[in-house]
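A short reminder: the numbers here are calculations on the coordinates, not readings from a lab. Values in this document were obtained by computation on a predicted structure and should not be read as measured data. Counting neighbours? That spans all protein chains shown, and the Cβs are built from the backbone with ideal geometry, glycine included.
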Amino acid sequence: DAKTTQPPSMDCAEGRAANLPCNHSTISGNEYVYWYRQIHSQGPQYIIHGLKNNETNEMASLIITEDRKSSTLILPHATLRDTAVYYCIVRVANTGNQFYFGTGTSLTVIP
Amino acid sequence: GAVVSQHPSWVICKSGTSVKIECRSLDFQATTMFWYRQFPKQSLMLMATSNEGSKATYEQGVEKDKFLINHASLTLSTLTVTSAHPEDSSFYICSPGGPSTDTQYFGPGTRLTVL
């Protein structure tokens, strides 16, 4: 699975959009981009995933560049509960393979 | 998403004792179970992968005789930390999977503290 690069930490004002970047320049054509987050002392929580089209669900939006070498997770209106470590992972879908976690981005939402 | 439970959520034990952690996949038949551990301020590290009814595959550096994994059914997998030592203190997380699993879900984790 391709590796990802994320900034170690970010701050965001409560109520503003949080934009979390991820670089995955070696991504393969059949690899999806997944985003998870981990709130302190809890298991990782699935947020969203996509292949090449932008995706949106009730939690977030995922913007993938046309060359698929990078993506951005957008939390449209960040709340204090969104403070967590966010992981960007690339993996071939529907293989049952494990997820390998990088260091992620620690997002702090500031009141 | 899939509902995954772990028991206990936290445990404190004395050095030298064994601790069993249960992971249940409540609404998903897990043919595969991934076990991760996470040390403070670090990311999740895959420890082992088990397939229902067969022996687990361990990642490099993980002692198979120390971390015993049983995956006897499609809904239950257990991780037993044998002869626990303080350096085994960590956050242990399970994640059920299957051959066509699109999205992976994770248990809430078990905090192990060895005194």
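According to the Kirkwood relation over distinct C-alpha pairs, the hydrodynamic radius of chain A is 13.9 Å.
Net charge in the neighbourhood of B:Val81 (other residues with Cβ under 15 Å of its Cβ; Lys, Arg +1, Asp, Glu -1) is +1.
Expressed as a whole number of Å, what is the distance separating the alpha-carbon centroids of the stretch A:38-111 and the stretch B:58-115? Taking the Cα centre of each part, the stretch B:58-115 and the stretch A:38-111 sit 24 Å apart. Can you flag which of A:Lys3/B:Lys20; B:Lys41/B:Lys64; B:Lys41/B:Lys66; A:Lys52/B:Lys20 are past 30 Å Cα-Cα? The answer is A:Lys3/B:Lys20; A:Lys52/B:Lys20.
With contacts taken as Cα pairs under 8 Å and at least 6 residues apart, the stretch A:1-52 reaches a relative contact order of 31 percent.
Applying the criteria of a DSSP loop state and at most 12 other Cβ atoms within 10 Å to the GluC sites (Glu not before Pro) of the stretch A:21-111 yields A:Glu58, A:Glu66. Seen from A:Ile47, the other residues with C-beta closer than 11 Å to its C-beta sum to a net charge of -2, counting Lys and Arg as +1 and Asp and Glu as -1. Taking chain B as a Gaussian network, where each spring joins two C-alpha atoms under 10 Å apart, which residue of B:Ile21, B:Ile12, B:Ile93 fluctuates the most? Comparing B:Ile21, B:Ile12, B:Ile93 in a Gaussian network model of chain B, the most mobile one is B:Ile12.
In the elastic network of chain A, a GNM with C-alpha springs shorter than 10 Å, the most mobile of A:Gly50, A:Gly29, A:Gly15 is A:Gly29. Under a Gaussian network description of chain B, with springs only between Cα atoms under 10 Å, the residue in B:Cys23, B:Cys94, B:Cys13 that fluctuates furthest is B:Cys13.
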